[in-house]
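To start, the structure itself, in structure tokens.
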Amino acid sequence: MSEDCIFCSIVAGDIPGRVVSETETTLAFLDVNPLAPGHTLVVPKDHHARLGDLPDDVAADLFAEVHALAPRVEDAVDADATTIGINDGEAAGQEVPHVHAHIVPRFDGDGGGPIHAVAGDRPDLSDAEMDDIESAITST
Ligand code: 5GP
Ligand code: ZN
């Protein structure tokens, strides 16, 4: 547990959260400032700031919980679809430095956009640049 982490405090029960699901390693609760009815956050119970910091088994548990919960949330609020995302790092908009997946119910005509709308200007990459990026990722 991290002392001044709001999500650790929710996991510990020190501050209230509207908990909708719990597993041995994860907790899911309603976002206090929802983007849509049913907006849910799924967090690992242990404190880790970034997705890459998660141990493999906890990462698998986190995704398994998102997989199990997303259709239930969608049904519960009678949504038409769901957007799932993780702001992984400050530059990506992460404000709470404790890994969390957002489950955001979506409704026909809700005025929102696809996940493609989160980035800025699209780069115009050459084939060579794409090849370099492919190599850089595969060689890590
Ligand atoms: P981020 O920008 O880090 O991906 O998202 C953080 C989310 O946590 C925001 O959607 C925000 O509304 C939510 N949040 C911040 N503080 C609290 C809190 O104390 N309780 C709950 N349930 N959600 C919170
Ligand atoms: Zn934490």
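Couple of notes before you dig in:
- Positive-end ranking of His98, His48, Ile6 along the dipole of the chain, with charges on Cβ about the Cα centre, is headed by Ile6.
- For the range 61-136, a simple Cβ point-charge model (Lys and Arg +1, Asp and Glu -1, everything else neutral) yields a dipole of about 360 debye relative to the Cα centre.
- Per residue, the accessible area of the range 6-138 comes to 63 Å², computed with a 1.4 Å probe over protein heavy atoms only.
- Difference of contour (0.36 nm per residue) and Cα-Cα distance, Val19 to Ala64: 14.5 nm
- Dipole magnitude (debye, nearest 20) for the range 6-138, charges at Cβ of Lys, Arg, Asp, Glu: 620
- Between 0 and 90°, nearest 10: helix 56-76 axis offset from the chain longest Cα axis: 70
- Per-selection Rg to Rh, the chain - Cα, Kirkwood hydrodynamic radius: 1.02
- Inter-centroid distance (Cα atoms) of the range 9-24 relative to the range 89-128, Å: 26
- The range 1-73: GluC sites (Glu not before Pro) in DSSP coil with no more than 14 other Cβ atoms inside 10 Å: Glu3, Glu24
- In the chain, helices alone account for a calculated mean residue ellipticity at 222 nm of -9000 deg cm²/dmol, with every DSSP H run of four or more residues adding -39,500 (n - 2.57).
- Global size of the range 53-116 as Cα Rg and Dmax, reported in angstrom: 13.2, 39
- The chain - percent of accessible surface contributed by carbon and sulfur, probe 1.4 Å: 52
The values are calculated or read from the model by the stated rules, or taken from the named source; none is laboratory data. Not measured: the values here are computed from a predicted model. Ideal geometry is used to build each Cβ from the backbone, glycine not excepted, and the neighbour counts take in all protein chains shown. Side chains included, ligands, DNA and RNA excluded: accessible areas come from the protein's heavy atoms. Shrake-Rupley method; radii C 1.70, N 1.55, O 1.52, S 1.80 Å.
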